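Peer 1: Sending over a structure as structure tokens; questions will come in a sec.
The values are calculated or read from the model by the stated rules, or taken from the named source; none is laboratory data. Source: prediction; values computed, not measured. No Cβ is skipped: glycine too gets one built from the backbone with ideal geometry, and neighbour counts run over all protein chains shown. Please note that ligands, DNA and RNA were not included when accessible areas were found on the heavy atoms of the full protein model with its side chains. Shrake-Rupley method; radii C 1.70, N 1.55, O 1.52, S 1.80 Å.
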Amino acid sequence: MKTGIITGCSRGIGFATVDLLTENENMKIIGTSTTGNCAITKSNFECFPLNLSKSKSINDFANLIGNTKIDFLVNNAGILLENWNESAINLEYLRQTFNVNLFGTIELTEKLIPNFNKNGQIINITSDWGSFSEKNFDEFQPHYKMSKAALNMYTKLLAKRLENQNIIVSSFDPGWTQTDMGGTDATRKPQEVANDIKNLLSNIPESGNFWHQGKIRAW
Ligand SMILES: NC(=O)c1ccc[n+]([C@@H]2O[C@H](COP(=O)([O-])OP(=O)(O)OC[C@H]3O[C@@H](n4cnc5c(N)ncnc54)[C@H](OP(=O)(O)O)[C@@H]3O)[C@@H](O)[C@H]2O)c1
């Protein structure tokens, strides 16, 4: 029996990942959404409220988990506030985006580290928009891009820090995906991305890498 936590599973990539992983009865999944609601009803799945922009909500969730041992944490929940053609910095958007995509995600992760079993995995869902090596780099979505770039650095730092505890830390780039965030023109389906996450979880990958469609990609 493996137990894992997936944040942001009310819709999109998180929903598809929970739906796929819970097909395996030897898998117990704890999911989150801001309301605590998720349309998936399976005996090996429970959903709890978690708002990553609020420390109290993160504390309450961590208290609910208590001493439960976990095998993986998929930091999937995230927000994109700006319009796609927006390049100007809006400090309020920057703060809100960092609160969820970076600070809340890190606060939650740090609280859950003592719960991990050996060979546990932390997967930070970041983005090609958080990469420094993109060929078609442009000036748009600045708040989101900075938050995901910083989360990529957290992956690298945490991977080093947890080396001796046998906890594997990865960043994961889903690709442009058909969700509320990605829109309907996106090239990938959430189910395909869920399958990539399942494959990453099924292996014991080398820690501290950035994954896309089953391969290590450039940061
Ligand atoms: N879609 C893409 O093309 C794409 C590409 C690259 C990377 N990504 C990344 O993939 C991940 C999933 O994206 P998605 O496209 O599936 O997004 P989505 O459809 O917009 O779903 C976002 C999820 O995050 C949760 N969430 C939002 N605000 C939150 C908060 N303050 N605290 C806790 N949870 C919160 C939402 O819960 P509620 O329903 O309760 O609001 C929802 O479950 C994100 O990290 C995103 O940045 C997506």
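Peer 1: Please verify whether residue 158 is closer than 22 Å to residue 79 by Cβ, within 15 Å of the ligand (Cβ to nearest atom) and open to solvent by less than 10 Å² (accessible area, probe 1.4 Å), treating the condition exactly as stated. Let's see the steps before the verdict.
Peer 2: Working: closer than 22 Å to residue 79 by Cβ: yes; within 15 Å of the ligand (Cβ to nearest atom): no; open to solvent by less than 10 Å² (accessible area, probe 1.4 Å): yes.
Considered against the rule, which asks whether it is closer than 22 Å to residue 79 by Cβ, within 15 Å of the ligand (Cβ to nearest atom) and open to solvent by less than 10 Å² (accessible area, probe 1.4 Å), residue 158 comes out as no.
Peer 1: Determine which member of the set 5, 29 is open to solvent by less than 30 Å² (accessible area, probe 1.4 Å), without any contact (Cβ under 8 Å) to a residue 40 or more places away in the chain and assigned to a strand (DSSP E or B).
Peer 2: Numbers: 5 fails: without any contact (Cβ under 8 Å) to a residue 40 or more places away in the chain.
Selected residue: 29, the only one of 5, 29 that is open to solvent by less than 30 Å² (accessible area, probe 1.4 Å), without any contact (Cβ under 8 Å) to a residue 40 or more places away in the chain and assigned to a strand (DSSP E or B).
Peer 1: Here's something else I'd like to know. List every residue pair whose Cβ atoms sit under 7 Å apart, with the two residues 6 or more apart in sequence or on different chains, where the first one lies in region 51-74 and is in contact (Cβ under 8 Å) with a residue 40 or more places away in the chain and away from the ligand (no atom under 14 Å from the Cβ) and the second, anywhere, is open to solvent by less than 50 Å² (accessible area, probe 1.4 Å) and among the small types (Gly, Ala, Ser).
Peer 2: 70/4; 70/120; 71/4; 71/120; 72/4; 72/120
Peer 1: Kindly indicate which of 197, 204, 167 is among the β-branched types (Val, Ile, Thr), farther than 15 Å from residue 75 by Cβ and in contact with a strand residue (DSSP E or B) (Cβ under 9 Å, 6 or more places away or on another chain). Give the derivation first.
Peer 2: Numbers: 197 fails: farther than 15 Å from residue 75 by Cβ; 167 fails: farther than 15 Å from residue 75 by Cβ.
From the options 197, 204, 167, the qualifying one is 204.
Peer 1: Among the numbered criteria (1) more than 20 Å from the chain's Cα centre (by Cα); (2) more than 16 Å from the ligand (Cβ to nearest atom); (3) outside any loop (DSSP other than H, G, I, E, B); (4) not aliphatic (A, V, I, L, M), which one does residue 92 miss?
Peer 2: Every listed condition holds for residue 92 apart from (2).
Peer 1: Looking at 133, 207, 171, can you tell me which residue is open to solvent by less than 60 Å² (accessible area, probe 1.4 Å), assigned to a strand (DSSP E or B) and at pLDDT 95 or above? Break it down into steps so the answer makes sense when it comes.
Peer 2: On the way: 133 fails: assigned to a strand (DSSP E or B); 207 fails: assigned to a strand (DSSP E or B).
171 is the lone residue from the list that is open to solvent by less than 60 Å² (accessible area, probe 1.4 Å), assigned to a strand (DSSP E or B) and at pLDDT 95 or above.
Peer 1: Then there's this: Mind listing just one residue for me: the one in region 32-49 that is in a loop (DSSP other than H, G, I, E, B) and open to solvent by 50 Å² or more (accessible area, probe 1.4 Å) and, of those, farthest from the ligand (Cβ to nearest atom)? Steps first, answer last, please.
Peer 2: Residues of region 32-49 that are in a loop (DSSP other than H, G, I, E, B), as a first pass: 34-44.
Next, from what is left, pick out any that are open to solvent by 50 Å² or more (accessible area, probe 1.4 Å): 34-35, 37, 39, 41-43.
Values: 34: 3, 35: 5, 37: 7, 39: 11, 41: 16, 42: 17, 43: 21 Å.
Across region 32-49, the extreme among qualifying residues is 43.
Peer 1: Can you tell me which of 117, 99 is assigned to a helix (DSSP H, G or I) and closer than 24 Å to residue 17 by Cβ? Outline the logic, then answer.
Peer 2: Values: 117 fails: assigned to a helix (DSSP H, G or I).
Among 117, 99, only 99 is assigned to a helix (DSSP H, G or I) and closer than 24 Å to residue 17 by Cβ.
Peer 1: Going by the structure shown, is residue 153 out of contact with any Ser or Thr (no Cβ under 9 Å at 6 or more places or on another chain), open to solvent by 60 Å² or more (accessible area, probe 1.4 Å), at pLDDT 95 or above and not in a loop (DSSP other than H, G, I, E, B)? Walk me through how you get there before you give the answer.
Peer 2: On the way: out of contact with any Ser or Thr (no Cβ under 9 Å at 6 or more places or on another chain): yes; open to solvent by 60 Å² or more (accessible area, probe 1.4 Å): yes; at pLDDT 95 or above: yes; not in a loop (DSSP other than H, G, I, E, B): yes.
When the stated conditions are applied, residue 153 passes them.
Peer 1: Out of the residues in region 8-26 that are of a type in the set (Asp, Glu) and in contact (Cβ under 8 Å) with a residue 12 or more places away in the chain, which is nearest to residue 61 (Cα to Cα)? Reasoning before the result, please.
Peer 2: So the first thing to find is which residues in region 8-26 are of a type in the set (Asp, Glu), and the list is 19, 23, 25.
After this cut, where a residue has to be in contact (Cβ under 8 Å) with a residue 12 or more places away in the chain as well, the list is 19, 25.
On the way: 19: 21, 25: 24 Å.
This residue is 19.
Peer 1: Mind listing whichever residues of region 168-219 are of a type in the set (A, V, I, L, M) and within 16 Å of the chain's Cα centre (by Cα)? Even if it seems obvious, please write down each step before you answer.
Peer 2: At the first step, the residues of region 168-219 found to be of a type in the set (A, V, I, L, M) are 168-169, 181, 186, 193-194, 197, 200-201, 204, 216, 218.
Of everything in region 168-219, those that are of a type in the set (A, V, I, L, M) and within 16 Å of the chain's Cα centre (by Cα) turn out to be 168, 169, 181, 193, 194, 197, 200, 201.
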